[in-house]
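Student: Next up is a structure, given as structure tokens.
The values are calculated or read from the model by the stated rules, or taken from the named source; none is laboratory data. Please read all numbers here as calculations on a predicted model, not as lab measurements. Please note: Cβ atoms are built from the backbone with ideal geometry, for glycine as well, and neighbour counts cover all protein chains shown.
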Amino acid sequence: MNVTPNQEPHGASLVIVDDHGLVLEGMRSLLSTLPGIETLSTARTGSEALALLRTVRADVFIIDIELPDMDGFELIRRIRQVRPRARIVVGTMHEEIWTLCKLADYSVDAVVLKASDPQLLRHAVASVLEGQRYFCPRFREVYDRLNRRRRAAGQMYEAPTVRELEVLKGIARGWTTTEISARLFISDNTVETHRKSLMLKFGARNSADLVMKAVERGFINVPCE
């Protein structure tokens, strides 16, 4: 965990959370000269990021959703409990429809895929500091392709919730109800309730049909990682 003051007075406070040291230092270098940044802090785990919440009144968090000690989405949820007005920028290498749908559902303020031009991260931070949202061209391309596919197929269906998508991914991996409940920390009955809801939403006859339709509609890839 590191905190570095910048030259710009009376600016915003920025926290970068990424477990890869080289990536972390690269982002620090890239953003340290961005106008409007007063302090720039770094953390390599979700726990370090949460500890910073007690000492740094951060305006913007840049988060990698794959962290060694905590799911990035859980970190976002906990940050918003403490700093509901903080802006969340997600930097990730994952382009799976599953991940993109979940990012959209969490209504993050910006998304920059790590395969993109690094300068886009500066654009993202500058945008959220001005109260705007920002999604890199690659994210918009993949997400728009999903929406076009849905419209072309005439798929006017109710989309699964975030929790239903988590259950769906477990089903696609071949996990039993008990395995899904243990991994998601919910009861077997709750898993079965989500399973029934998914079957109705996708018009599926059984679990195999459910997974097939979910893949066709772009909600999951098979095999699931």
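Student: Please enumerate the residues belonging to region 84-122 that are free of Cβ contacts under 8 Å to residues at least 24 places away in the same chain and hydroxyl-bearing (Ser, Thr, Tyr).
Tutor: If the condition is that a residue be free of Cβ contacts under 8 Å to residues at least 24 places away in the same chain and hydroxyl-bearing (Ser, Thr, Tyr), then 107, 116 are the ones that fit.
Student: Residue check: is residue 171 outside the structural domain of residue 96 (by TED's automatic domain parsing), part of a helix (DSSP H, G or I) and at negative phi?
Tutor: So residue 171 fits the description; yes.
Student: Using the structure shown, decide if residue 104 is buried (at least 21 other Cβ atoms within 10 Å of the Cβ) and either of a type in the set (Val, Ile, Thr) or outside any loop (DSSP other than H, G, I, E, B) (or both).
Tutor: No: the conditions fail for residue 104.
Student: For region 175-225, which residues satisfy the criterion of being in a loop (DSSP other than H, G, I, E, B) and within 24 Å of the chain's Cα centre (by Cα)?
Tutor: Hits for region 175-225 are 175, 185, 186, 217, 218, 219, 220, 221, 222, 223, 224, 225.
Student: Quick one: would you say residue 69 is modelled with pLDDT of 90 or more and either surrounded by fewer than 12 Cβ atoms within 10 Å (Cβ to Cβ) or in a loop (DSSP other than H, G, I, E, B) (or both)?
Tutor: Considered against the rule, which asks whether it is modelled with pLDDT of 90 or more and either surrounded by fewer than 12 Cβ atoms within 10 Å (Cβ to Cβ) or in a loop (DSSP other than H, G, I, E, B) (or both), residue 69 comes out as yes.
Student: So, one more: In this structure, is residue 125 at pLDDT 85 or above, within 22 Å of residue 19 (Cα to Cα) and either among the acidic types (Asp, Glu) or assigned to a helix (DSSP H, G or I) (or both)?
Tutor: So residue 125 passes the test.
Student: Taking region 135-164, which residues are surrounded by fewer than 20 Cβ atoms within 10 Å (Cβ to Cβ), at pLDDT 80 or above and either closer than 22 Å to residue 86 by Cα or not β-branched (Val, Ile, Thr) (or both)?
Tutor: Of everything in region 135-164, those that are surrounded by fewer than 20 Cβ atoms within 10 Å (Cβ to Cβ), at pLDDT 80 or above and either closer than 22 Å to residue 86 by Cα or not β-branched (Val, Ile, Thr) (or both) turn out to be 137, 138, 140, 141, 162, 163, 164.
Student: List, please: which pairs have Cβ atoms under 7 Å, are six or more places apart or on different chains, and start with a residue in region 46-65 that is without any contact (Cβ under 8 Å) to a residue 12 or more places away in the chain and end with one that is part of a helix (DSSP H, G or I)?
Tutor: Close Cβ pairs (under 7 Å, with a partner that is part of a helix (DSSP H, G or I)) do not exist here.
Student: Quick one: residue 42 ticks every box in (1) surrounded by 17 or more Cβ atoms within 10 Å (Cβ to Cβ); (2) in a helix (DSSP H, G or I); (3) of a type in the set (S, T, N, Q) except a single one, so which number is it?
Tutor: Among (1) surrounded by 17 or more Cβ atoms within 10 Å (Cβ to Cβ); (2) in a helix (DSSP H, G or I); (3) of a type in the set (S, T, N, Q), the lone unmet condition for residue 42 is (2).
Student: Which of the residues that make up region 107-125 are among the small types (Gly, Ala, Ser) and either crowded, with 16+ Cβ neighbours inside 10 Å or outside the structural domain of residue 76 (by TED's automatic domain parsing) (or both)?
Tutor: Listed by number, the residues that qualify are 110, 116, 124.
Student: Shifting gears a bit: Which pairs do you get when a residue that is at pLDDT below 85, found in region 210-222, comes within reach of a residue that is among the acidic types (Asp, Glu), reach meaning Cβ atoms under 9 angstrom, with the pair 6+ apart or on two chains?
Tutor: Close Cβ pairs satisfying both conditions: 220/96; 221/96.
Student: Still on this structure, please answer the following. Within region 170-209, which residues are modelled with pLDDT of 90 or more, among the basic types (Lys, Arg) and under 13 Å from residue 220 (Cβ atoms)?
Tutor: Selection gives nothing.
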